[in-house]
Amino acid sequence: MFVREQSRIKAMWKIQVRDAKTGKLVREQKIENVVTDGGKNFIASTYKRGHQASESAIYWVLVLGTGSGSPSSSDTGLWSPVDASEKTGTLSVSGNIAQYYVRYLPEDANGYTYTEGGIYDNISEGVWEDPDVSPKYTHGTLINHVLIDPEIEKTSDILVDIYIQLQFS
């Protein structure tokens, strides 16, 4: 008997909006999102890279945008990315879950109403370390894309925590 296992990647964003002065949670939302074809290819390539000690380091950033539409697996970029929102954070792995985390402080990326977001990964060490390359995300691969609904109006009165989990099952 031949048994075929079905594997998949589930992507989930958790966004927490907090009062900047008190730290009190104002709003929390969870959104399932699209893992792009580029993201699937990148994840597959990291398996190979993990076995090659000479491979250079890679970096990632989260980018928010103001565009609208329906995310699809063929997306290669956000519809209307906001360069000022490009930010990195922490990446942790536990079991079959990889979690990206970014905090936007009260002074970060203000003056926009954010309606979309994405993780750009696979940014090379050379690009990352070059101070003349900005924004960095244009040199990475969009690995997931989400429509943020309800939208986030970013002001200095709030801070925003974003957790993106990729679960492999």
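In which sequence would LEU166, LEU142 go, from the one with the fewest C-beta neighbours within 10 Å to the one with the most?
LEU166, LEU142
Tell me the mean residue ellipticity at 222 nm calculated for the chain from its helices only (DSSP H runs of n ≥ 4, each -39500 (n - 2.57), averaged over every residue, nearest 500).
-3000 deg cm²/dmol
Treating the angle as unsigned and between 0 and 90°, give the value, to the nearest 10°, between the Cα long axis of helix 37-49 and the longest Cα principal axis of the chain.
Roughly 60 degrees, rounded to the nearest 10.
Which Cα, out of LEU91, TYR120, LEU142, lies furthest along the positive dipole direction of the chain (beta carbon charges, K/R +1, D/E -1)?
Of the listed residues, the answer is LEU91.
Net charge around THR115, counting only other residues with Cβ within less than 9 Å of its Cβ (Lys, Arg = +1; Asp, Glu = -1)?
That works out to -3.
Quote the FRET efficiency, to the nearest 0.05, computed for LEU105 versus GLN165 with a Förster distance R0 of 30 Å and r equal to the Cβ-Cβ distance.
0.85
What is the fewest-to-most order of GLU28, GLU86 by other Cβ atoms lying within 10 Å of their Cβ?
So the ranking, lowest neighbour count to highest, is GLU28, GLU86.
Hey, for a label at ASP83 modelled as a point 7 Å past Cα toward Cβ, could you say which residues of the stretch 127-145 have their backbone N under 20 Å away?
The answer is 127-142.
Only counting other Cβ atoms within 10 Å, I'd like LEU62, LEU91, LEU147 sorted with the fewest neighbours first.
LEU91, LEU147, LEU62
Who wins for biggest fluctuation among VAL26, VAL35, VAL102 in a Gaussian network model of the chain, springs between alpha carbons below 10 Å?
Ranking VAL26, VAL35, VAL102 by mean-square fluctuation puts VAL26 first.
Determine which lysines satisfy two conditions relative to LYS24: a Cα distance under 26 Å, and not lying fewer than 8 residues away in the same chain.
Reachable lysines: LYS14, LYS87, LYS154.
Read-outs throughout are calculated quantities, based only on the coordinates presented, and are distinct from any laboratory measurement. Everything numeric in this text was worked out from a predicted model, so none of it was measured. Every residue, glycine as well, gets a Cβ built from its backbone with ideal geometry; the counts of neighbours run over all protein chains shown.
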